[in-house]
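One structure is given below, encoded as structure tokens.
The values are calculated or read from the model by the stated rules, or taken from the named source; none is laboratory data. Model, not experiment: these values are computed from the prediction. Backbone-built Cβ (ideal geometry, glycine too); neighbour counts: all protein chains shown. Surface areas here come from the heavy atoms of the whole protein model, side chains and all, with no ligands, DNA or RNA. Shrake-Rupley method; radii C 1.70, N 1.55, O 1.52, S 1.80 Å.
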Amino acid sequence: MPKPIAMLDLHAEFAVFGEQIKAAVHRVLESQQFIGGPDIAELEKQVAAKLGIADAVAVSNGTDALLCALMALGIGHGDEVIVPTFTFFATAGCVHRVGAKPVFVDIDPKTFCMDAHRVRAAVTSRTKAIMPVHLYGQCADMDALRAIAREHRLVVIEDTAQAIGARQGDEVAGSMSDLGCLSFYPTKNLGGFGEGGMILSTNVDRANLCRRLRNHGQSQQYLHDVVGGNFRLDTLKAAILLVKLPHWEKFTQQRRESASMYDALLKGAPVTPPHLAPRNTHVYHQYTILCDRRDELMAFLKSRDILTAVYYPVPLHRQPCFAYLNCRCEDFPVAEDASLRVLSLPVHPMLTEEEINRVAGGIHDFYGTKPR
Ligand SMILES: Cc1ncc(COP(=O)(O)O)c(C=O)c1O
């Protein structure tokens, strides 16, 4: 029996750097410093340097990165923030949590990222911010979004949770706006051991404001300039991420190689492979196809021990907690369609050629097609 093919193989990844991680954990245990310390500052320095961004602020998770970024940019009650309806919940949840109103827009049918035309149409006198999400690992159309932001004096926060290191032209995800937000959730391209996140900033003063906000707004001990939160990353997790960071580029390359194998092997099957927008590089956090009879295909692959996933089956305009916004499903036809037809295939860095062949073969067998 061949081994089941999963969306992730953290055991195989751990085999690559497990001993170094055990040594790093041991070092932190010996130090007994669990909050702050040199590992946090070193992680911030190394991620900022690798991405070529002025500053980076380690935080507790990607959701808190978004929340802290909204707080740092002064978004709150009475403000409207434009977000895509087709994303992970956190993007819009944070807007609601700071007291602002999420205004959903539809997505581009090719990249699944927010549609700039829809954004333009959604701007009102109350709009304060736009939050593009670089979904699946490639950037939203930042030139168009930044033009709208300039015209209407809006701030932009990039949700870079799924797209660490993705580029648009010569710019990197997270550097094309007022603040960018990373997640180190274990499934992410740079996944930690538990929760983790980071705020990216091209402006050091703004990064320092985020540093204060992550520590209850303290400028010095027990003196609070502003109200923040406890958004700190644990030292242990920073030490582990420092071990994983040098592997991240090679792992991204492995994802790209798997993606191009799928592109070739899926020719001839009635599915739409991921579209790479001009000027974008993709980091393939997900390799997401569009297909008909999606749920049947998913069950068929599962019967062959091949696991796939749907990101996301329920767009945010349909979420019960956002019923108060009175959204109409007809206003989001692309997201509605995508929620029924997207399917993410395994694309993790430890995937073998034989496994990719098995996944693609399963898709052809389901549709009764042959590779071209
Ligand atoms: C697009 C997007 N935004 C935000 C988040 C939130 O990150 P976290 O789970 O680290 O809070 C995630 C990941 O889970 C995500 O995929």
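You will find that of 169, 191, 217, 165, the residue that is within 10 Å of the ligand (Cβ to nearest atom) and assigned by TED's automatic domain parsing to the domain that holds residue 141 is 191 and no other.
Only one entry in 43, 51, 70 is touching a strand residue (DSSP E or B) at 6+ places or on another chain (Cβ under 8 Å), under 12 Å from residue 131 (Cβ atoms) and assigned by TED's automatic domain parsing to the domain that holds residue 206, namely 70. When residues of region 67-114 are filtered for being open to solvent by 30 Å² or more (accessible area, probe 1.4 Å) and either away from the ligand (no atom under 15 Å from the Cβ) or hydroxyl-bearing (Ser, Thr, Tyr) (or both), how many remain? Qualifying residue count, region 67-114: 9.
Within region 119-137, which residues are open to solvent by 20 Å² or more (accessible area, probe 1.4 Å) and closer than 17 Å to residue 93 by Cα? 128 - this is the single residue of region 119-137 that is open to solvent by 20 Å² or more (accessible area, probe 1.4 Å) and closer than 17 Å to residue 93 by Cα.
Within region 132-155, is there a residue that is among the aliphatic types (A, V, I, L, M), closer than 17 Å to residue 318 by Cα and in contact (Cβ under 8 Å) with a residue 40 or more places away in the chain? The answer is no, given that none of the residues of region 132-155 is among the aliphatic types (A, V, I, L, M), closer than 17 Å to residue 318 by Cα and in contact (Cβ under 8 Å) with a residue 40 or more places away in the chain.
Pairs linking a residue in region 244-263 that is closer than 21 Å to residue 18 by Cβ to a residue that is among the basic types (Lys, Arg) and at pLDDT 95 or above, with Cβ atoms under 8 Å and 6 or more positions apart or on different chains, are 245/50; 248/50; 249/50. The criterion of being open to solvent by less than 30 Å² (accessible area, probe 1.4 Å) and within 24 Å of residue 88 (Cα to Cα) holds for residue 338. Counting only strands (runs of 3 or more DSSP E) wholly contained in region 135-206, the ones carrying 3 or more residues that are touching a Cys at 6+ places or on another chain (Cβ under 9 Å) occupy 155-159, 197-201. Looking only at region 293-316, residues that are within 16 Å of the ligand (Cβ to nearest atom) and more than 21 Å from residue 9 (Cα to Cα) come to 5 in all. Here 230, 280 are screened, and the one residue that is polar (S, T, N, Q), open to solvent by 20 Å² or more (accessible area, probe 1.4 Å) and touching a residue at least 24 places away in the same chain (Cβ under 8 Å) is 230. Kindly check whether there is at least one residue in region 42-54 that is touching a residue at least 24 places away in the same chain (Cβ under 8 Å), open to solvent by less than 10 Å² (accessible area, probe 1.4 Å), assigned to a strand (DSSP E or B) and closer than 22 Å to residue 88 by Cβ. No, that holds for no residue. Take the residues in region 342-372 that are open to solvent by 40 Å² or more (accessible area, probe 1.4 Å) and not in a loop (DSSP other than H, G, I, E, B), then tell me which one is nearest to residue 296 (Cα to Cα). Selected residue: 367.
Residues being open to solvent by 60 Å² or more (accessible area, probe 1.4 Å), among the charged types (D, E, K, R) and under 15 Å from residue 243 (Cβ atoms): count how many of those fall in region 6-36. Number satisfying all stated conditions: 3. Of all residues in region 55-66 being small (Gly, Ala, Ser) and not in a loop (DSSP other than H, G, I, E, B), which is nearest to the ligand (Cβ to nearest atom)? Only one residue tops the list, namely 62. Residue count for region 315-336 under the criterion of being in contact with a strand residue (DSSP E or B) (Cβ under 9 Å, 6 or more places away or on another chain) and either free of Cβ contacts under 8 Å to residues at least 24 places away in the same chain or in a loop (DSSP other than H, G, I, E, B) (or both): the result is 3.
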